[in-house]
Amino acid sequence: MRRQTVSLFMLSILFSCFVSTASLQTDISTKQNDNAPSAAAHNSSSVGNAFTVNDTTPPLVLTFAGDLMAHTVNFNMNEYDLIYKAVEKILHSDDLSFVNIETPVCDALPLSTYPCFNVHTPYLRAAVQAGFDMLGFANNHTNDHGTTGIDGTLTSVRTVQKERLAADVLPPFLAFSGLKDSVTDSIQVTPLSYKGWNILFCSVTEILNSYDSSKNRLYYSAPTKQGRAALLAIIKEARNRYPCDLFVLGLHLNEPEYGRTVSNAKKAWFKQLGEAGIDIIWAHHPHVMQSWETITVERTVVLQGASKANSTTDQTTSGTDKAIAGHTGISDMKEAAVSEQCKVFCMYSMGNFISGQRWHTRYDDPAFYREYTGDAVMLQLTCTRNKAGRADFSVLPLLITQYNEPEYPVVKRFTQEWIETLGEKEKKYFKISQKNAIIIRYDNFLKKGERKKENENNI
């Protein structure tokens, strides 16, 4: 929660779920007090799916983490804030931080571990206080305890949400998605405005551990041809209803756990989601890190009539012909549909942010498939607007690993510098783990030339 003292701004948000190595340095933007969230839930002056071109709009820095889980060794900690000490500076330096809460949070039920997870409000509160402010709850463990767990989770997150709204911090909101108040509710999006950016957020799962009636209390989309077609229709409709700059989808996929390669079918599905209107796809479930990339898709964009003040002219025009979001010859009082190329950032799997899956570390077998559950990545995405008013993405990978203190695991920055502080047995293990689980992907990423410029400030 970016701990600068600011006035508490009124923000109307529709909570619709009611929603390296030694060279791995960081280049992280710091929070600016003069970029307050909008007083409105959404800026209606945006033009269809397009940006309102504004060269003065500052970049938006988003941090994405993977699965936040809690096995016995995790929730038995006395001080949950210890989990985040090595990364909270990162989470406080961006604009918005996303995490997948892969457990019910129900105070009315006992703490429990696999196969039916449950934590209590303090565990969630520690994550929010560490800097996470965009929470996805749609995953296969959300309904581990049926409707009782879902109701309890809604109570807990709204309790923490009220605490956040009362705090003098930025951003002055806590957004969540994936849970329904009623079985009659449909999948909705959470629209919000922040730092001049209009954002849609939605968390959806394609897989559940229980398919009893409690599934109707979740943002669940069946991984069938019909189910995916319905989800695409929801995305298209939401994008047209709420003109936005960025549409972020948290997606818990129906795919095998622990797989470290990305299938062609998965890539094809993500391409369809991008074509429908998603700009950032943040995926989960394998519990190990996979790759990430920016793709280009052809998208039909609905351009709605805008006032002269909100349309832009990039060439000399006459009469009613304007250049709306870079498109000339379109009257500013009409609607038009055009096809254009849009960038989509795909995160195929982040791995675990924190869990107890690697509590019993196999020092003699660091390449064992379950060992990869302890290594992950946080991706920091800087969003800027190009001359056409579309989003450009610059990404910085922040490698992390779970390190087992004597009584509990914590998150550490996975750097060569940190490895050198360890004893010989641990040093050998983590060097192999780093090479096998991370460096190959990171090197491939470097070869694509997509990494942000490094600086010497290693946060």
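Quick note: the coordinates plus some simple rules give every number you see, no bench work behind them. Bear in mind that the values here come from a model prediction, so they are computed numbers and not experimental data. We place every Cβ from the backbone using ideal geometry, glycine too, and count neighbours over all the protein chains shown.
Miscellaneous remarks
- The range 372-428: C-alpha gyration tensor shape, a/c 1.5 cut-off, then a/b vs b/c: prolate
- Other residues whose C-beta falls under 11 angstrom from the C-beta of residue 400 contribute a net charge of +1, scoring Lys and Arg +1 and Asp and Glu -1.
- Shape of the range 175-302, Cα gyration tensor, a/c cut at 1.5: oblate
- Entries in 195/387; 85/267; 225/266 that, when Cα-Cα distance is taken, lie over 25 Å: 85/267
- Gap separating the Cα centres of the range 211-285 and the range 126-200, nearest whole Å: 18 Å
- Each Lys and Arg Cβ is given +1 and each Asp and Glu Cβ -1; about its Cα centre, the range 241-288 then shows a dipole of about 120 debye.
- Sorting 337-343, 80-86 by average packing, meaning the other beta carbons within 10 Å per residue, from highest down gives 80-86, 337-343.
- Convex hull projection area averaged over all views, the range 201-261, Cα basis, nm²: 5.5 nm²
- Electrostatic bookkeeping for residue 219 treats Lys and Arg as +1 and Asp and Glu as -1; over the other residues with beta carbon under 13 Å from its beta carbon, the sum is 0.
- Distant-in-sequence amide H partners of residue 301 (H built 1.01 Å from N, under 5 Å): 338, 339, 340
- Whether the range 143-207 is rounded, prolate or oblate, judged on the alpha carbon gyration tensor where a/c under 1.5 counts as rounded: oblate
- Phi angles of the range 372-384 translate, via the Karplus equation with coefficients 6.51, -1.76, 1.60 and θ = phi - 60°, into HN-Hα couplings of 5, 5, x, 10, 7, 9, 9, 10, 9, 9, 9, 9, 10 Hz per residue; Gly and Pro are given as x.
- About its Cα centre, the dipole of the range 86-192 is roughly 80 debye, where the only charges are +1 on Lys and Arg Cβ and -1 on Asp and Glu Cβ.
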